Amino acid sequence: MITWKHKPSKGAVMQYASLFLFAVILGQIVFSGFIPIKNLAIRATENIAGIIGVAGTVAPNEYNQLATQFEQKDKDLAQRELAISTREQALFSGNDRITLYVLFGMTGFLLILLLLNFYLDWKRGKLIEMATTSHHDELTTRL
C-alpha cells in the first residue's frame with residue numbers, strides 16, 4: 001500500500017486529473033488527423049508574420065509595368081489553357097463512351113463465338129462417338 005508523506009488535496013488531484021484527461025483527449029484529436037499539426041504550425045507562423053509584417057512600396061517604373069503586363073498575360077494564358085483542356089476533356093469523354101461500347105460489343109461477340117465453338121465441338125464429339133459405336137463389331141477393310 002502507498003503511503004503519502006504530504007497527501008495532496010482533493011482539489012489538486014482533481015485539477016491534475018482534469019488536465020491529464022484534457023491532454024489525452026487533445027492528443028487523440030491531433031493524432032487522429034482531425035486537427036493536423038502542420039496546419040496549426042502554419043497558422044501560428046502566419047499570425048506571427050501578420051503581427052510583425054513590414055510594408056513597402058516601389059515607385060512605378062518601366063520594369064514594374066512590364067512585370068505586371070507579363071503577369072497579366074500569364075494569367076490570360078492560364079485561363080485559355082484551362083478552357084481548352086475542359087473542351088478537350090468534353091470531346092474525349094464522348095469518344096471514350098463510344099470506345100467503351102465498341103469494346104463491350106466486341107467482347108460480347110467473341111464470347112458468343114467461343115461458346116459456339118464449344119457447342120459445335122461437343123456436338124461433333126457426340127457424332128463421332130455415335131459413328132464409332134454403331135459399327136463396333138463390324139469388320140472393316142481398307143481399300
Exercise. Measure out, as a whole number of angstrom, how far apart the alpha-carbon centroids of region 60-80 and region 94-114 sit.
Key: 50
Quiz item: What list do you get for K5, K126 if you sort them by fewest beta carbons within 10 Å?
Solution: K5, K126
Quiz item: Want the number for A83 to V13: 0.36 nm per residue separation, take away the alpha-carbon distance, what's left?
Solution: 18.7 nm
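Since every read-out is calculated from the coordinates, none of them should be taken as a lab result. Fair warning: this is a prediction, and the values are worked out from it, not measured in the lab. Backbone-built Cβ (ideal geometry, glycine too); neighbour counts: all protein chains shown.
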